[in-house]
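What follows is a short report on a single structure.
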Amino acid sequence: MIKISNLTFRYKDGRKNALDNINLSINKGDFLGITGTSGAGKTSLTYAINGVIPHHYNGDYYGSVRIEGEDTFDTSPSALSLKIGSVFQDIDTQLVSSVVEDEILYGLENFSVPAVEIEQRISSALEAVGISSLRYRSIESLSGGQKQKVALAAILALRPKILLLDEPTSELDPESSVQFYRILRELNENHGITIIVVEQKIMLLSEFAKNILVMDTGKIVINGSVREVIDRSSLLEEIGINCPRVTSLSNRLKEEGVYTGSVCINVEEAEKMVRSIIDD
Amino acid sequence: MIRLQNVCFNYDRDRTLTDISFHINKGEFAAIIGANGAGKSTLCRLLNGLLKPSSGSVEINGLDTGHTKSSVLARQIGFLFQNPDRQICRNTVAEEILFGLELLYKDREFIAERLEKVLSMFGFSAEDNPFNLSRGERQRLALASLIAVEPEILILDEPTTGLDYKECIEIMEIVREMNKKGTTVIMVCHDMEVVLDYAERVLVLSGGKLIADGETRSVFCMNDVLEQASLIPPQMASLAGRLGSGFEDVFTVEEMTELILEKSNEKRRVEV
Ligand SMILES: Nc1ncnc2c1ncn2[C@@H]1O[C@H](COP(=O)(O)OP(=O)(O)O)[C@@H](O)[C@H]1O
Ligand SMILES: Nc1ncnc2c1ncn2[C@@H]1O[C@H](COP(=O)(O)OP(=O)(O)O)[C@@H](O)[C@H]1O
Ligand SMILES: [Mg+2]
Ligand SMILES: [Mg+2]
C-alpha cells in the first residue's frame with residue numbers, strides 16, 4: 001500500500017542526506033514501529049510518506065514514494081491527508097483551535113463531511129481515545145499528553161486508512177503511554193487501520209508493534225519482525241539504541257552458557273526462560 | 001537543607017498539592033515520580049521559590065522561600081525546566097552560558113575561567129547557534145548554563161524526556177558527577193530504569209499527595225504504592241516479582257544473572 005523506491009532527500013540547508021537511498025514497502029494492516037537515535041531521519045521519513053516532503057520543504061529529492069500506486073510527488077498534501085492521518089512531533093503547531101470540540105470539527109469541515117454525520121464522528125472519536133470528558137475544555141489548559149490525545153482524536157474522526165504518528169507518547173507517563181498504544185492496537189486489529197509510529201521507547205514497540213524499522217544516519221539499518229530486530233541487540237546497542245533489560249538478561253545467560261533458546265522480548269518470556277533454567 | 005512542612009498549594013479553586021512534608025539533606029540524589037498531573041512540576045516550582053505555598057512552609061538552607069527574593073534563591077538552586085526551549089534565549093552557546101554567570105558574578109577573570117571549564121566539560125563550541133542544535137544538545141546546553149554557576153542544589157524537571165538513549169546517559173552521567181562532588185539533586189523522571197540507576201531516594205506523588213518516600217529499591221517493592229501512582233516498575237523488578245520467593249531484592253541485570261547462575265549451579269550439584 002506504501003512503496004518507497006530509492007528515496008534520497010537532502011534539506012536545502014542540510015549538510016548531509018536526511019534520507020539516504022530508502023527502499024521500503026509497508027503492507028495494509030501493518031503496525032510498524034520506526035526507531036533510531038535523534039537525527040537518524042525518522043521525522044523526515046514520515047514527512048516523505050505524508051507529502052510534507054517534497055511539498056513543504058525545499059531540497060534535493062530523488063526516487064519515489066507511492067501511496068496505493070499514486071506518486072506523492074504528483075499528489076497534493078491535502079489529497080494525501082484523506083488517506084493518511086498524521087500526528088506530528090511538535091503538538092503545539094498541529095493544534096489550531098482553542099476548544100477541543102472545535103479542533104475535531106475543523107478537520108471534518110475541511111474535508112466536507114456531511115453535517116448529519118458530524119456529531120457522531122466527534123463523539124465516537126473522543127470516545128475511542130478516552131477523552132469524552134475533555135470535549136468542551138480549552139486546549140490551552142491541557143497537559144502535553146492530553147493534547148497528544150486531542151490530535152489523535154481529530155485525526156481519527158477523518159477515518160484515515162493509515163495513521164502516521166511521530167513520537168506520540170513523548171509527553172506521557174509510562175502507564176498512559178501503554179494506554180495510548182492499546183488504543184493504537186485496537187484501531188489496528190479491529191478497524192484494519194495501518195499504523196506507522198516513530199517511537200524512542202523500544203520496550204513499547206516490542207510489546208505492541210508487528211514490525212520494527214531501525215534507522216541510522218538516513219538509512220534503514222534493520223527492517224523486520226519485532227523478534228528479528230530485537231535479536232540483533234548487539235547491533236542495536238552499537239547504534240545507541242537501548243534494548244529491553246529482559247533482552248540483555250537473555251543475552252547474558254546465553255554468554256554464560258546456561259540458556260540456548262531465543263532472545264526474550266518481554267517479561268512473560270523472561271519468566272519462562274528463568275524457570276526453564278532453574279526448575280526441575 | 002530543604003525542608004517542607006505541611007505544604008499545600010492551589011493554582012485556583014482546586015487543590016494541586018496537599019499537606020506535603022519532607023526534608024532532603026545536602027548531597028542527596030532524590031527522584032520525584034508520579035503520573036501526568038500528579039503535581040511534580042508544581043512541587044519543583046515550589047522548591048525553587050517560583051511559586052509560594054498557599055499554606056505551610058518551604059525552607060532552603062534555612063531561608064523561608066515565602067520571605068526570600070528569588071535572586072537570592074537563584075544563587076543556590078539551578079532549575080532545569082521541563083522543556084529546554086523555555087530556557088534558552090541567546091544567540092550563541094557562549095552567551096547562553098555567560099547569561100547566568102554574569103547575573104551572579106562580577107569578576108571577569110573568574111567568569112571567563114568558568115565559561116572555558118564548562119565549554120570543555122560539555123564539548124561545545126562557543127560560537128554555535130543554540131537553535132541549530134538538536135533537542136538533546138539544547139538540553140545539554142541548558143544544563144551547562146546551570147552548572148556554570150555551580151549551584152548547591154540542582155532541580156531537574158524531566159531532564160531526559162525527548163532524548164534518545166545515548167543523550168539520556170550523557171546528561172545523567174554529568175548529573176551524577178555533580179552529585180558526587182556534593183551537589184544535591186532532585187529530579188523528576190518517568191523512566192524507572194533511569195531512576196533505579198541514578199537516584200538513591202524516591203518520593204512518589206499521586207493526586208497531589210506524597211504517598212511514599214524512601215530508599216529507591218524499597219519503594220519499587222511497594223506494589224500498592226506503584227499501582228496507586230500508575231507506575232510501571234523496572235523490568236527486572238517485575239520479573240523478580242513474578243519469580244517469587246528467592247528473588248527478593250533483585251533489581252539489575254547483573255544481580256539477576258548472578259542469582260540465576262547460583263541457582264542453576266545448585267540444581268546441577270543436586271542432580272550430580
Ligand atoms: N528543516 C531542516 N533543514 C535542514 N536540515 C534538517 C531539517 N530538518 C531536519 N534536518 C536534518 O535532517 C536529519 C534528520 O532529521 P530528522 O528527520 O528530524 O531526524 P529524527 O526525527 O530521527 O530525529 C538531521 O541531520 C537534521 O539535522
Ligand atoms: N498554571 C497552572 N494553572 C492552573 N492549573 C495548573 C497550572 N499548572 C498545572 N496545573 C494543574 O495542576 C496539576 C498538577 O500539574 P503539574 O504539577 O504540571 O503535574 P505533573 O508535572 O506531575 O504532570 C494538574 O492538574 C494541572 O492541570
Ligand atoms: Mg524526529
Ligand atoms: Mg510536569
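Quick notes
- Odd one out for B:Asp128 among (1) in contact (Cβ under 8 Å) with a residue 24 or more places away in the chain; (2) away from ligand 1 (no atom under 16 Å from the Cβ); (3) in contact with a helix residue (DSSP H, G or I) (Cβ under 7 Å, 6 or more places away or on another chain): (2)
- Pair list, Cβ under 7 Å, 6 or more apart: segment A:16-35 residue at pLDDT 95 or above, other residue among the aromatic types (Phe, Trp, Tyr): A:Asn17/A:Phe9; A:Ala18/A:Phe9; A:Ala18/A:Tyr11; A:Leu19/A:Phe9; A:Phe31/A:Phe208
- Whichever residue in segment A:224-280 is touching a Phe, Trp or Tyr at 6+ places or on another chain (Cβ under 8 Å) and farther than 22 Å from B:Gly241 by Cα and, among such residues, is farthest from the other protein chains (Cβ to nearest Cβ): A:Ile241
- Among the residues of segment A:137-167, those that are within 16 Å of ligand 3 (Cβ to nearest atom), at pLDDT 90 or above and of a type outside the set (D, E, K, R) comprise A:Ala151, A:Leu164, A:Leu165.
- Residue tally, condition within 14 Å of another protein chain (Cβ to nearest Cβ) and either away from ligand 3 (no atom under 16 Å from the Cβ) or touching a Cys at 6+ places or on another chain (Cβ under 6 Å) (or both), over segment B:135-158: 3
- Note on segment A:189-215: residues that are farther than 26 Å from B:Glu193 by Cβ and either surrounded by fewer than 24 Cβ atoms within 10 Å (Cβ to Cβ) or free of Cβ contacts under 8 Å to residues at least 24 places away in the same chain (or both) amount to 6.
- Just so you know, in segment B:189-230 the residues that are in contact with a Lys or Arg (Cβ under 8 Å, 6 or more places away or on another chain) and of a type in the set (D, E, K, R) include one that is surrounded by the most Cβ atoms within 10 Å (Cβ to Cβ), and it is B:Glu193.
- Here segment B:256-272 is the region considered, the condition is being in a helix (DSSP H, G or I) and more than 43 Å from the chain's Cα centre (by Cα), and the residue that is modelled with the lowest pLDDT is B:Glu271.
- Within segment A:8-29, the residues that satisfy the criterion of being of a type outside the set (Asp, Glu) and not in a strand (DSSP E or B) are A:Lys12, A:Gly14, A:Arg15, A:Lys16, A:Asn17, A:Ala18, A:Asn27, A:Lys28, A:Gly29.
- Breaking point among (1) in contact (Cβ under 8 Å) with a residue 24 or more places away in the chain; (2) at negative phi; (3) not hydroxyl-bearing (Ser, Thr, Tyr), for A:Glu175: (1)
- Out of A:Glu186, A:Glu167, sole residue that is out of contact with any Ser or Thr (no Cβ under 8 Å at 6 or more places or on another chain) and at positive phi: A:Glu167
- Within segment A:17-63, considering residues that are of a type outside the set (A, V, I, L, M, F, W, C), over 24 Å from A:Asn188 (Cα atoms) and within 14 Å of chain B (Cβ to nearest Cβ), the one nearest to ligand 4 (Cβ to nearest atom): A:Ser38
- Taken over segment B:78-116, residues that are of a type in the set (Lys, Arg) and under 23 Å from B:Gly182 (Cβ atoms) amount to 1.
- Out of B:Leu210, B:Leu196, B:Leu205, B:Leu156, one residue alone is in a helix (DSSP H, G or I) and in the same structural domain as B:Asp85 (by TED's automatic domain parsing). It is B:Leu196.
- B:Asp213 out of contact with any Gly (no Cβ under 8 Å at 6 or more places or on another chain), more than 12 Å from chain A (Cβ to nearest Cβ) and under 30 Å from A:Ile278 (Cα atoms): no
- Qualifying residues in segment B:105-133 (those that are assigned to a helix (DSSP H, G or I) and at pLDDT below 85) - the one farthest from ligand 4 (Cβ to nearest atom): B:Asn132
- Where B:Val72 falls short, out of the listed (1) out of contact with any helix residue (DSSP H, G or I) (no Cβ under 8 Å at 6 or more places or on another chain); (2) part of a loop (DSSP other than H, G, I, E, B); (3) at pLDDT below 90: (2)
- Only one entry in A:Leu108, A:Leu45, A:Leu32, A:Leu82 is of a type in the set (A, V, I, L, M) and either in contact with a His (Cβ under 9 Å, 6 or more places away or on another chain) or part of a loop (DSSP other than H, G, I, E, B) (or both), namely A:Leu82.
The values are calculated or read from the model by the stated rules, or taken from the named source; none is laboratory data. Please read these numbers as outputs of a predicted model, since none were measured by experiment. Here the Cβ is made from the backbone with ideal geometry for all residues, glycine too, and neighbour counts use every protein chain on show.
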